[in-house]
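Each remark here refers to the structure printed beneath this line.
The values are calculated or read from the model by the stated rules, or taken from the named source; none is laboratory data. The model shown is predicted, which means the values in this text are computed figures rather than measured ones. Neighbour counts are summed over all protein chains in view; Cβ atoms, including those assigned to glycine, are modelled from backbone coordinates with ideal geometry.
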């Protein structure tokens with residue numbers, strides 16, 4: 001929300017003037033279509049945004065806290081209920097917290113010392129507008145104004161690196177990646193066998209035989225010379241770069257071989273499959289593109305309000321079912337599969353992941369029912 | 001009366017509207033420069049009943065509380081339907097200008113008020129600027145957007161008072177004289193004048209002044225300047241005073257030039273131009289219509305510098321691609337509507353009813369990056385390869401495409417370039433012609449404008465033209 005001090009606000013929506021910086025796409029210095037060798041010094045950061053306001057108290061459950069039990073007589077978990085679907089406890093060691101039963105995979109990573117939980121992260125007087133609260137966290141600014149916190153990092157550290165050094169997977173670029181000097185590409189998963197297929201200069205699917213003619217014509221027309229500094233020059237350069245960069249990305253990821261089995265066929269849910277496939281796209285990118293080190297994935301739907309637990313069949317009482325359980329299972333299974341894949345590729349220890357959400361619903365269950 | 005060539009008529013229609021078919025451009029040209037501008041800006045005299053009928057059958061906004069029929073997507077679909085179907089092109093383009101000028105967003109303001117504001121902008125966009133500014137300022141959308149509803153006696157909120165001066169009227173610095181137009185103290189004093197401005201919390205959600213929250217004390221504004229005023233100034237007083245300042249006339253002229261004519265520089269020649277047209281505003285009782293008329297009939301507007309000097313906004317690109325080619329946006333109905341145009345424009349960076357901030361969308365190169373360019377190219381592909389002419393969506397029929405073709409490849413390319421601009425593209429003309437004469441295996445083929453060729457190569461040709469840097473310009 002650009003209101004309080006608009007004069008400090010720069011542009012958003014990834015709309016960076018080409019005159020400022022032309023993203024230099026990764027240009028074949030590394031053999032295309034091959035996985036790259038592990039580099040012990042490489043540092044990769046993967047951010048998962050849980051959109052809609054994840055219920056933190058039912059994610060990391062303070063099961064010994066009497067106030068939790070009092071405020072959540074229906075949707076709250078008792079200690080005896082903190083068991084995953086195999087019956088294994090999801091209580092975190094000898095702490096007074098346990099994971100939601102849907103998060104058995106994350107519990108196993110916790111036990112292996114691979115997952116940490118940071119409690120009570122917030123700011124004074126949290127804003128409960130989804131939009132505004134998202135802006136606040138995305139910008140790390142309580143006015144919600146300005147570029148994203150990751151975008152500001154990108155402006156400082158990714159200038160001059162490949163145009164694929166930061167990539168977002170999702171329907172649109174998240175505000176956290178809004179920057180001034182860098183355009184972070186957003187890739188919308190296509191679904192189907194090749195999730196990258198839409199990230200391309202598309203041509204008539206009915207006339208595949210004409211595709212090369214189309215591409216050749218496009219390239220010839222967008223590599224013509226225009227007066228230096230003219231809009232035409234900027235448009236041609238950005239246009240050609242867009243097509244080439246996308247093509248290079250798609251060539252690169254063909255070198256990827258999965259090191260784990262990602263969920264398919266709507267099992268355990270369509271949400272789990274689509275989220276895991278987004279993480280798989282991240283794996284494809286970081287295993288084949290050397291300086292793709294800042295990745296962003298979104299898992300939405302946490303604004304489920306009265307649908308938090310249960311289904312119609314159980315009169316909305318079964319805490320192991322329902323929207324929240326489905327989403328947390330998607331998160332847990334997706335992250336574990338991704339982790340296993342990275343382990344197989346020998347780069348799991350190079351990767352730090354974090355999740356965040358704009359806020360958690362009220363502790364009082366009637367208020368979020 | 002000055003004559004109006006075909007190219008000039010096309011330029012006028014692309015800028016004052018979104019572009020059109022040759023018949024529309026011929027009609028404008030026949031009216032001459034002044035006649036064509038009069039026709040466009042006196043849009044209330046143009047019969048628009050076909051669009052009204054279309055809207056009536058495609059939307060149901062009778063109950064704002066029914067969010068299955070009235071919501072963010074529906075108001076976007078509604079505006080795109082207007083822009084593609086209207087006979088009053090300037091009415092919609094001007095509404096887009098004011099939406100960008102008084103940039104307000106769904107990120108904070110609910111759909112009902114965004115819609116109401118849009119109607120307000122459309123109905124008041126050509127009158128006296130003072131009246132438009134007052135209406136926008138007292139409308140719920142703006143009262144919410146810039147927090148004036150929390151601007152109360154003893155606890156002023158300066159957001160509206162600041163943007164009123166910085167973005168809606170004068171700018172921090174005079175665009176002609178470079179003088180500072182107001183101070184931080186003026187922001188504080190102006191904010192006091194608007195304390196207690198609020199809106200009724202039940203239908204009708206009209207403006208109301210909460211008298212107990214209004215600061216009736218004396219305010220001093222613009223102290224030490226020719227516009228200094230002291231007294232118990234009301235919000236209305238401030239709006240009237242600011243609307244009369246030459247700085248406002250110049251700033252509005254500057255915004256109109258940047259939006260409709262060409263990017264204005266800080267050269268003394270450009271400042272003189274802005275000052276010249278600002279006087280039209282000052283000498284005509286702040287009439288937006290007279291200012292716009294003067295700009296559109298000017299030699300500056302028809303100068304070589306102005307032609308194709310702006311990067312098309314995504315909305316201009318998408319709506320123009322439909323209108324110039326004679327394509328179709330089948331918006332569908334509430335039960336089964338097409339959000340294609342709003343989604344694709346959003347992907348390119350322009351989400352209607354949701355500008356990025358109160359300053360609106362940045363123009364020209366701000367639209368140009370690798371991500372947005374890919375979206376532009378793929379919009380063209382989506383449009384040109386959709387053969388489903390019954391479902392809601394965007395498409396152009398083979399019959400329509402065939403009607404534009406010629407017997408020779410060269411004339412066909414030229415005809416489409418004329419249709420989509422007219423564009424002057426240098427060497428690309430030959431490249432496009434070669435495309436028409438190349439088969440699947442790269443072998444030369446003889447061009448004939450038969451049905452299979454239209455469905456394949458003409459669709460490909462138009463896609464390619466829409467990927468030219470020249471087509472991105474307006």
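Data overview
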quantity	calculated
Those residues of the stretch B:125-162 which are assigned to a helix (DSSP H, G or I), in contact (Cβ under 8 Å) with a residue 12 or more places away in the chain and away from every other protein chain (no Cβ under 14 Å), in sequence order	B:129, B:130, B:132, B:133, B:134, B:135, B:136, B:137, B:140
Residue A:169 touching a strand residue (DSSP E or B) at 6+ places or on another chain (Cβ under 8 Å) and modelled with pLDDT of 85 or more	yes
Enumeration of residues in the stretch B:100-114 that are surrounded by fewer than 22 Cβ atoms within 10 Å (Cβ to Cβ) and closer than 14 Å to residue B:342 by Cβ	B:106, B:111
One residue from B:391, B:441 being more than 12 Å from every other protein chain (Cβ to nearest Cβ) and part of a loop (DSSP other than H, G, I, E, B)	B:391
Matching residues, the stretch B:374-388, being more than 8 Å from chain A (Cβ to nearest Cβ), surrounded by 21 or more Cβ atoms within 10 Å (Cβ to Cβ) and under 19 Å from residue B:454 (Cβ atoms)	B:380, B:383
Residue within the stretch A:75-89 that is without any contact (Cβ under 8 Å) to a residue 60 or more places away in the chain and part of a helix (DSSP H, G or I) present	yes
Failed condition for residue A:148, given (1) farther than 30 Å from residue B:441 by Cβ; (2) within 10 Å of chain B (Cβ to nearest Cβ); (3) under 26 Å from the mean Cα position of the chain (by Cα); (4) without any contact (Cβ under 8 Å) to a residue 40 or more places away in the chain	(2)
Helices (runs of 4 or more DSSP H) contained in the stretch A:104-216 and holding at least 3 residues under 19 Å from residue A:51 (Cα atoms)	A:130-139, A:149-157
Yes/no for residue A:246 being under 20 Å from the mean Cα position of the chain (by Cα), crowded, with 21+ Cβ neighbours inside 10 Å, within 12 Å of another protein chain (Cβ to nearest Cβ) and over 27 Å from residue A:352 (Cβ atoms)	yes
Subset of the stretch B:301-325 [assigned to a loop (DSSP other than H, G, I, E, B), away from chain A (no Cβ under 14 Å) and buried (at least 18 other Cβ atoms within 10 Å of the Cβ)]	B:301, B:302
Residues located in the stretch A:249-267, provided they are assigned to a helix (DSSP H, G or I) and surrounded by fewer than 19 Cβ atoms within 10 Å (Cβ to Cβ)	A:250, A:251
Failed item in (1) touching a strand residue (DSSP E or B) at 6+ places or on another chain (Cβ under 8 Å); (2) surrounded by 13 or more Cβ atoms within 10 Å (Cβ to Cβ); (3) within 30 Å of residue A:178 (Cα to Cα), with residue A:43 passing the rest	(2)
Count - residues of the stretch B:421-436 that are facing chain A (nearest Cβ under 10 Å) and assigned to a loop (DSSP other than H, G, I, E, B)	3
Residue in the stretch B:336-357 that is at pLDDT below 95, part of a loop (DSSP other than H, G, I, E, B), facing another protein chain (nearest Cβ under 10 Å) and more than 19 Å from the chain's Cα centre (by Cα) present	no
Among (1) touching a strand residue (DSSP E or B) at 6+ places or on another chain (Cβ under 9 Å); (2) closer than 25 Å to residue B:346 by Cβ - the single one residue B:445 does not satisfy	(2)
Residue match in the stretch A:305-313 (condition: touching a strand residue (DSSP E or B) at 6+ places or on another chain (Cβ under 6 Å), in a loop (DSSP other than H, G, I, E, B) and modelled with pLDDT under 90)	no
Residue within the stretch A:13-29 that is in a loop (DSSP other than H, G, I, E, B), at pLDDT 50 or above and more than 14 Å from chain B (Cβ to nearest Cβ) present	no
Unique match (being at the interface with chain B (Cβ under 9 Å from one of its Cβ atoms), closer than 15 Å to residue B:431 by Cα and at pLDDT 90 or above) among A:220, A:200, A:205	A:220
Conditions (1) more than 19 Å from the chain's Cα centre (by Cα); (2) without any contact (Cβ under 8 Å) to a residue 40 or more places away in the chain; (3) surrounded by fewer than 21 Cβ atoms within 10 Å (Cβ to Cβ): number failed by residue B:4	(3)
Test: residue in the stretch B:365-373 that is at pLDDT 90 or above, within 21 Å of the chain's Cα centre (by Cα) and within 10 Å of chain A (Cβ to nearest Cβ)	yes
Residues that are in contact (Cβ under 8 Å) with a residue 40 or more places away in the chain and either crowded, with 18+ Cβ neighbours inside 10 Å or facing chain B (nearest Cβ under 9 Å) (or both), drawn from the stretch A:182-197	A:182, A:183, A:184, A:185, A:186, A:187, A:189, A:195, A:196
Unmet criterion (only one of (1) facing chain B (nearest Cβ under 9 Å); (2) surrounded by fewer than 21 Cβ atoms within 10 Å (Cβ to Cβ); (3) more than 33 Å from the chain's Cα centre (by Cα)) for residue A:231	(2)
Members of the stretch B:229-280 that are over 24 Å from residue B:135 (Cα atoms), crowded, with 19+ Cβ neighbours inside 10 Å and over 23 Å from the mean Cα position of the chain (by Cα)	B:271
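Yes/no per residue for (1) on the phi < 0 side of the Ramachandran plot; (2) free of Cβ contacts under 8 Å to residues at least 24 places away in the same chain:
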{"site": "B:19", "(1), (2)": "no, no"}
{"site": "B:23", "(1), (2)": "yes, yes"}
{"site": "B:36", "(1), (2)": "yes, no"}
{"site": "B:43", "(1), (2)": "yes, no"}
{"site": "B:53", "(1), (2)": "yes, yes"}
